[in-house]
Structure formats: C-alpha cells, structure tokens
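*Asks:* Here's a structure for you.
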Amino acid sequence: MVLRTALKAVDGKLWSNNRVRIKPMQTEADLIYAAYECQLPEEQQDFVNPAWFSIGRAYLFRDDNYPCIIYNEQMAPIGFINLCKWLGEGDAYSWSYFIDERYQGRGYGKAAAQAAIQILKAADPGKPIKLATEKCNGRAQRLYASLGFRQLLELDGGDIVFGG
C-alpha cells in the first residue's frame, strides 16, 4: 500500500497524544514555518536534513513522504516531521524530524516520536519502523532505545540504524 494513502486512512485521534499533535502540511504558513521559522541549534544542524530537503523529497516522491508540522498543547507549532518510507535495506517506515530550538528540553521530541510510532503502526501494524542517526548523536540513540528500538547491524550510509 502507498504510504500517503495508508496515513490518510489513520483515525485523526491517533495523530496526537497528551503533549503533541501532528498535522499534515497544508498551507503556505506551514511551509514558511517548516522551512524558515523552525530552527535548530547550530550543534544539531548536521544531525538532520533541513525541512526544505524533506519537503522537496515529498514533492518528488509524493506517495512515500508525508511532511507534517508538530504542535504543542496550545496548538503552537514546535517542530517538523516527515513520515516516510524507509529508503534503506528492507521494507519499513521511518521519519525525519526536529523540534524548534525554543521548545527543546521539554519532552516534545519524545512525545512526537511516540505519536509518530502510533500513526505509522496504525497505517500498517505489520510493517517495521527503522530510524537512522549519526554515530555521534548519542541523544537520538538514547531516545530511540527508550522507545523500544534496538540497534541493528545494518548501516544507512555511515549512520547507525535502529529498528522496532
């Protein structure tokens, strides 16, 4: 099944938890927020693709990418996430995301990851989720392990891969 089609069929209630709500990008304001206003600290900028890269990928490969905005409890935009088909070895889902530097350290990253897992599992309960991170990004590695992912033997380029 096409990822975009599967995600559109997921119950809207599953797109949120007690901390965050994930909403597909739909407006020019969403695009401006993701590409320009949502910022990472300089030391994290090499850890993730910029939003414009994921948005461009979604334009070119629409069926396999679903760019979204992450909102907090007050419905303020706090981050960007692209739910996507895993591009590496094996058939799986994945995501690329980041939380705006103004909202980091408040548990929003973990809450957004938990919501992404919930959404992707609802889209296809039998499909695994794989996540890649740089070897030097210990923060992401600890987060993925705390969510039940385990480090796999495969690499994605030079990145470590976690599966769950």
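*Asks:* In the neighborhood of TYR108, defined by Cβ-to-Cβ distances under 13 Å, what is the net charge if each Lys or Arg adds +1 and each Asp or Glu adds -1?
*Replies:* +2
*Asks:* Follow-up question, since we're still on this one. Using a simple spin-label model with points 7 Å from Cα along the Cα→Cβ vector, what separation in nm is obtained for GLU134 and ALA76?
*Replies:* With each label point 7 Å from Cα toward Cβ, the separation is 2.8 nm.
*Asks:* Name all residues of the range 130-158 having a backbone nitrogen under 14 Å from the label point set 7 Å from the Cα of ASP46 along its Cα→Cβ direction, giving them as ranges.
*Replies:* Taking a point 7 Å out along Cα→Cβ of ASP46, the residues of the range 130-158 whose backbone N falls under 14 Å are 134-138, 158.
*Asks:* Still on this structure, please answer the following. Starting from the Kirkwood radius over alpha-carbon pairs of the range 11-53, derive D by Stokes-Einstein at 25 °C in a medium of 0.890 mPa s and give it in µm² s⁻¹.
*Replies:* Translational diffusion coefficient: 199 µm²/s.
*Asks:* Here is a further query. Could you please state, rounded to a whole Å, how far the C-alpha centre of the range 114-164 is from the C-alpha centre of the range 1-47?
*Replies:* About 17 Å separates the Cα centre of the range 114-164 from the one of the range 1-47.
*Asks:* If R0 is 35 Å, what FRET efficiency do you get for GLN39 and LEU87 from their C-beta distance, rounded to 0.05?
*Replies:* Efficiency, rounded to the nearest 0.05: 0.85.
*Asks:* Can you tally the net charge around GLU89? Count Lys and Arg as +1, Asp and Glu as -1, for every other residue whose Cβ sits under 11 Å from the Cβ of GLU89.
*Replies:* Local net charge: -2.
*Asks:* Residues with amide H under 5 Å of ALA92's amide H, sequence separation 5 or more or different chain, H placed in the peptide plane at 1.01 Å from N; which?
*Replies:* Residues meeting the criterion, in which the H sits 1.01 Å from N, are TRP86.
*Asks:* On to the next question. How high is the relative contact order of the range 3-127, given as a whole-number percent (alpha carbon pairs under 8 Å, six or more residues apart)?
*Replies:* Normalised by residue count, the contact order of the range 3-127 is 33 percent.
*Asks:* Now, a different point. For a quick protection proxy, order the peptides 135-144, 75-84, 17-26 by their average other-Cβ count within 10 Å, most packed first.
*Replies:* Per-residue mean Cβ counts within 10 Å order the peptides as 75-84, 17-26, 135-144.
*Asks:* Applying 1/(1 + (r/R0)^6) with R0 = 35 Å to the Cβ-Cβ distance of THR27 and LEU147, what FRET efficiency is obtained, to the nearest 0.05?
*Replies:* Efficiency for this residue pair is about 0.70.
*Asks:* Residue separation times 0.36 nm, minus the C-alpha to C-alpha distance between GLU101 and LYS13: what's the value?
*Replies:* Between GLU101 and LYS13, full extension yields 29.0 nm more.
*Asks:* From the Cα gyration tensor of the range 110-164, with a ≥ b ≥ c the square roots of its eigenvalues, which class applies: rounded if a/c is under 1.5, or else prolate if a/b is larger than b/c, or else oblate?
*Replies:* Note, shape of the range 110-164 comes out oblate.
*Asks:* Just to be sure I understand: if I project the alpha-carbon convex hull of the range 17-154 onto a plane and average over all orientations, what area do I get in nm²?
*Replies:* So the mean shadow area of the Cα hull is 8.3 nm².
*Asks:* Another question, then. Can you sort SER94, SER54, SER146 from fewest to most other Cβ atoms within 10 Å of each residue's own Cβ?
*Replies:* Ascending number of Cβ neighbours within 10 Å: SER146, SER94, SER54.
All of the numbers you see were taken from the coordinates with simple rules; none came from a lab. Keep in mind the model is a prediction, meaning the values are calculated, not measured. With ideal geometry, Cβ positions are generated from the backbone for all residues, glycine too; neighbour counts draw on all protein chains shown.
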